[in-house]
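> Take this structure first; my questions come after.
The values are calculated or read from the model by the stated rules, or taken from the named source; none is laboratory data. It should be emphasised that the depicted structure is a prediction, and the values quoted were computed from it without experimental measurement. Every residue, glycine among them, receives a Cβ derived from its backbone with ideal geometry; neighbour counts consider all protein chains shown. Heads up: the accessible areas ignore ligands, DNA and RNA and are worked out on the full protein's heavy atoms, side chains in. Shrake-Rupley method; radii C 1.70, N 1.55, O 1.52, S 1.80 Å.
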Amino acid sequence: MKTAAVAFSLSTIASAALTPAVRAAAHRFGALDHALSSRKVHGKPVPRLGGLAIVAAFYVPLLALLDVDSSVGQRFWGDRLHAFGLIGGSLVIAGLGVYDDLRGAGARLKFAVQFGAAALMYAVGFRIDQVAIPFGPVVQLGPLGPFLTLFWIVGVINALNLIDGLDGLAGGVAFVAAAVTFVQAALHGDPLMLLFTGALAGAVLGFLVYNFNPASIFMGDTGSMFLGFVLAVSA
């Protein structure tokens with residue numbers, strides 16, 4: 001729990017420090033959202049690469065703690081498939097988001113990469129094999145498990161992406177979801193997920209300082225798809 005608190009603090013500081021730098025770079029290179037959609041409420045161009053700050057702030061504490069805290073390294077190497085699988089898959093989704101923000105990606109490419117990353121997660125052990133029904137028996141999914149796992153991950157990715165239309169909305173939802181998953185990880189005694197969700201919550205919180213109305217930067221598809229992926233997999 002102490003290590004997760006450190007990860008949360010470090011990622012919050014990193015996100016708050018990196019977001020202005022990303023905002024300045026987006027202005028410099030013209031990576032702006034020009035409010036051409038009915039889903040947007042801002043009246044002037046706003047930088048849309050804020051997701052880069054979230055992604056970087058998520059990894060900063062993990063790498064820093066891995067270098068200075070041997071207990072974190074033991075957790076990573078003790079569950080390396082889950083740890084490095086999640087890191088690798090989230091990097092793939094973040095790369096897709098960057099490409100989409102800068103050049104635009106069609107639905108076919110997005111779904112292909114998203115389902116590919118979801119299949120990777122299933123292969124390394126992030127699986128939905130059963131569903132607990134309130135006040136009822138646990139339902140074993142059997143052969144339906146892989147399909148539900150893939151559609152869950154891809155569905156959450158796109159759900160976060162679709163609600164990213166109002167200042168602070170996607171970030172606020174992601175922060176609450178990360179906090180709930182953090183509590184569940186604590187109740188189940190899962191130190192790896194405590195670390196990941198703590199770092200994710202901090203990265204979102206530091207970014208929200210600049211994303212609340214009136215937002216001076218948007219997370220873009222880089223941020224929304226990355227958050228959706230990490231939340232789906234950690235849950």
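> Subtract the Cα-Cα distance of LEU102 and SER216 from 0.36 nm times their separation in residues, and report this length gain in nm to one decimal.
39.2 nm
> Which length gain, in nm to one decimal place, applies between VAL92 and VAL176 when the Cα-Cα distance is subtracted from 0.36 nm times their residue separation?
Gain on stretching VAL92 to VAL176: 27.8 nm.
> Let me ask another. Sort the stretch 69-132 into rounded, prolate or oblate with this rule: let a ≥ b ≥ c be the square roots of the eigenvalues of the Cα gyration tensor; rounded if a/c is under 1.5, and if a/c is not under 1.5, prolate when a/b is larger than b/c, oblate otherwise.
Numbers: a/c = 3.57, a/b = 1.54, b/c = 2.31.
Cα axes put the stretch 69-132 in the oblate bin.
> I've got another one for you. With an 8 Å cut-off on Cα pairs and a minimum separation of 6 or more residues, tell me the relative contact order of the stretch 61-172 in percent.
RCO, the stretch 61-172: 18 percent.
> Just grab the label-to-label distance for ALA64 and VAL183, each label 7 Å out from Cα along the Cβ direction, in nm (one decimal).
So the two model labels end up 2.7 nm from each other.
> To continue, here is another question. Mean residue ellipticity at 222 nm from the helices of the chain, using -39,500 (n - 2.57) per DSSP H segment of n ≥ 4 over the full residue count, to the nearest 500 deg cm²/dmol?
Helix-only estimate at 222 nm: -24500 deg cm²/dmol.
> Considering only C-alpha atoms, what is the centroid distance from the stretch 94-137 to the stretch 162-235, in Å?
So the two Cα centres are separated by 16 Å.
> Could you go through the stretch 218-235 in sequence order and give the Karplus-derived ³J(HN,Hα) for each residue, using 6.51 cos²θ - 1.76 cosθ + 1.60 with θ = phi - 60°, rounded to whole Hz, and x for Gly and Pro?
After applying 6.51 cos²θ - 1.76 cosθ + 1.60, I find 10, 6, x, 5, 4, x, 5, 6, 4, 4, x, 5, 5, 5, 5, 6, 5, 5 Hz.
> Hey, rough spin-label estimate for ARG127 and LEU148, points 7 angstrom out along Cα→Cβ, what's it come to in nanometres?
Here the modelled spin labels are 1.3 nm apart.
> In terms of modelled amide H atoms, which long-range or inter-chain residues lie less than 5 Å from the amide H of GLN130?
Correct list: LEU141.
> Between GLN140 and ARG28, what's the calculated FRET efficiency when r is the beta-carbon distance and R0 is 41 Å? Round to 0.05.
0.15
> Would you mind telling me the share, in percent, of accessible area of the chain contributed by carbon and sulfur at probe 1.4 angstrom? Walk me through the numbers on the way to the answer.
Working: 7750 of 11260 Å².
Percent of accessible area from carbon and sulfur atoms in the chain: 69.
> Same structure again: Let me check the size of the chain from its C-alpha atoms; what are the radius of gyration and Dmax in Å?
17.6, 57
> Is the C-alpha gyration tensor of the stretch 114-235 telling us rounded, prolate or oblate? Criteria: a/c under 1.5 is rounded; beyond that, a/b larger than b/c is prolate, otherwise oblate.
Because a/c hits 1.5 or more and a/b exceeds b/c, the stretch 114-235 counts as prolate.
> A follow-up question, please. Measure off 7 Å from each Cα along the Cα-to-Cβ vector at ALA21 and LEU162, then give the distance between these two points in nanometres to one decimal.
3.6
> How about the stretch 130-232: which chymotrypsin sites (Phe, Trp or Tyr not before Pro) there lie in a loop by DSSP and see at most 15 other Cβ atoms within 10 Å?
Counting only loop positions with at most 15 other Cβ atoms within 10 Å, the chymotrypsin sites (Phe, Trp or Tyr not before Pro) in the stretch 130-232 are PHE135, PHE212.
> Give me the 1.4 Å probe accessible area per residue for the stretch 40-154, excluding ligands and nucleic acids, in Å².
54
> In whole Hz, what ³J(HN,Hα) sequence does the stretch 101-111 give by Karplus (6.51, -1.76, 1.60; θ = phi - 60°), x for Gly and Pro?
Coupling constants for the stretch 101-111: 5, 8, 10, x, 10, x, 4, 4, 5, 4, 5 Hz.
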